[in-house]
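The values are calculated or read from the model by the stated rules, or taken from the named source; none is laboratory data. Since the model is a prediction, treat every value here as computed from it, not as a measurement. Cβ coordinates were reconstructed from backbone atoms using ideal geometry, including for glycine residues, and neighbour counts include every protein chain displayed. The protein model used for the area step is the full one, side chains on, heavy atoms only, and it has no ligands, DNA or RNA in it. Shrake-Rupley method; radii C 1.70, N 1.55, O 1.52, S 1.80 Å.
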Amino acid sequence: MIDYVRQLGGEPLGTDDPLAGGAAVAVWSLDTRLDVVGGLPVAEAARVLDAAELEQAGRRLRPADRHRYVASHIGLRLLLGDRLGLAPAEVVLVREDCPGCGGPHGRPAVAGGGVHFSLSHSGDVAYVALAPVPVGVDIEEVPGAQAVTDVLGALHPTETAELTALSEADRRVALARVWARKEACLKGIGTGIGLGLVEPYVGAGPSPAPVPEWLLTDLPCPPAYAAALAVRA
């Protein structure tokens with residue numbers, strides 16, 4: 001489904017877009033501490049992001065959190081614009097209807113279509129996935145012991161049993177895998193975690209469990225993180 005994760009850095013994008021022709025899935029990673037993303041300074045975000053994104057950035061109280069949000073959204077707009085032949089500021093982002101309640105808070109999308117996308121950021125890393133079909137991507141830092149305790153009982157019973165059978169250190173790593181896999185699927189579906197974490201069952205082992213109607217795979221990622229990609233079959 002995907003061979004590698006491309007790196008988006010400070011330099012402008014090249015011309016070797018792996019989505020040329022709309023036939024492939026591509027995932028990009030980004031260090032959200034960068035001051036320049038794809039040739040665009042993070043300090044000049046107001047020239048690129050829309051009003052809703054700038055409002056969301058302003059709600060981040062910590063400067064580092066605002067910087068991470070802005071950098072990741074500049075990267076998203078650069079990649080979408082490159083794919084669609086638009087300037088980053090010309091990309092219009094909307095929300096699809098929620099598949100659960102029909103409200104306007106489903107998957108983020110590009111107005112008019114042309115490409116599906118998903119954005120995730122955790123710690124200092126962001127991942128962006130682009131695809132010709134619905135897609136979800138997620139990256140998670142390996143959690144602390146307390147986070148494992150808090151979420152363990154909210155998962156699918158089989159995942160809870162798989163995690164409980166592991167040592168504490170292995171359990172933390174495995175939970176990051178479970179969370180990334182589950183979030184990737186739920187982002188692709190468009191419901192998020194609002195309906196709970198029981199379904200879909202994704203497994204806590206080294207390889208994800210099959211998920212009906214979705215192609216789920218783990219992604220390469222930095223140490224102390226887990227990442228996953230879900231693509232509509």
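Given a 1.4 Å probe and heavy atoms of the protein chains only, how would you sort ILE74, ILE189, largest accessible area at the top? All intermediate terms of the calculation are to be shown ahead of the outcome.
Working: ILE74 0, ILE189 75 Å².
Ranked list, largest accessible area first: ILE189, ILE74.
Helix 168-189 versus the longest principal axis of the chain: what is the Cα-based angle in degrees, 0 to 90, to the nearest 10?
50
Counting only the heavy atoms of the protein chains, how much of ARG66 is accessible to a 1.4 Å probe, in Å² to the nearest 10?
My reading of the accessible area for ARG66 is about 80 Å².
Using a probe radius of 1.4 Å on heavy atoms only, what accessible surface per residue do you get for the range 21-124? Whole Å² is fine. Present the calculation step by step, with values, prior to reporting the outcome.
Details: 4950 Å² over 104 residues.
Accessible surface, normalised per residue, equals 48 Å².
How far, in degrees from 0 to 90, does helix 63-84 lean away from the longest principal axis of the Cα atoms of the chain, to the nearest 10?
70
Could you sort CYS221, CYS185, CYS101 by their accessible area in this structure, using a 1.4 Å probe and putting the largest first?
Solvent-accessible surface, decreasing: CYS101, CYS221, CYS185.
Considering the zone a paramagnetic label at THR164 would reach in this model (a point 7 Å from Cα along the Cα-to-Cβ line), which residues of the range 190-208 have amide N under 19 Å from it?
Label zone hits: 197-199, 201-205.
Note the full-extension length gain between VAL151 and ALA111 as 0.36 nm times their separation in residues minus their Cα-Cα distance, in nm to one decimal.
Numbers: separation 40, 0.36 × 40 = 14.40 nm, distance 3.55 nm.
Length gained between VAL151 and ALA111: 10.9 nm.
Rounded, prolate or oblate: which one fits the range 19-88, using the alpha carbon gyration tensor with axes a ≥ b ≥ c (rounded when a/c is under 1.5, else prolate when a/b beats b/c, else oblate)? It would help to have the intermediate numbers written out before the result.
Working: a/c = 2.18, a/b = 1.81, b/c = 1.20.
Taking the square roots of the gyration eigenvalues as a ≥ b ≥ c, the range 19-88 is prolate.
Please compute the Cα-Cα pair-distance distribution of the chain with 10 Å bins starting at 0, giving whole percents from short to long.
Pair shares across the bins are 8, 32, 37, 20, 4, 0.
Given the -39500 (n - 2.57) contribution per DSSP H run of 4+ residues, what per-residue ellipticity at 222 nm results for the chain, rounded to the nearest 500 deg cm²/dmol? Walk me through the numbers before you get to the answer.
Numbers: 5 runs with 67 residues, N = 233.
Calculated from helices alone, the mean residue ellipticity at 222 nm is -9000 deg cm²/dmol.
Arrange the peptides 105-113, 134-142, 121-129 so that the one whose residues have, on average, the most other Cβ atoms within 10 Å appears first. Mind dumping the intermediate values first?
Details: 105-113: 15.0, 134-142: 24.6, 121-129: 22.4.
Ranked by mean Cβ neighbours within 10 Å, highest first: 134-142, 121-129, 105-113.
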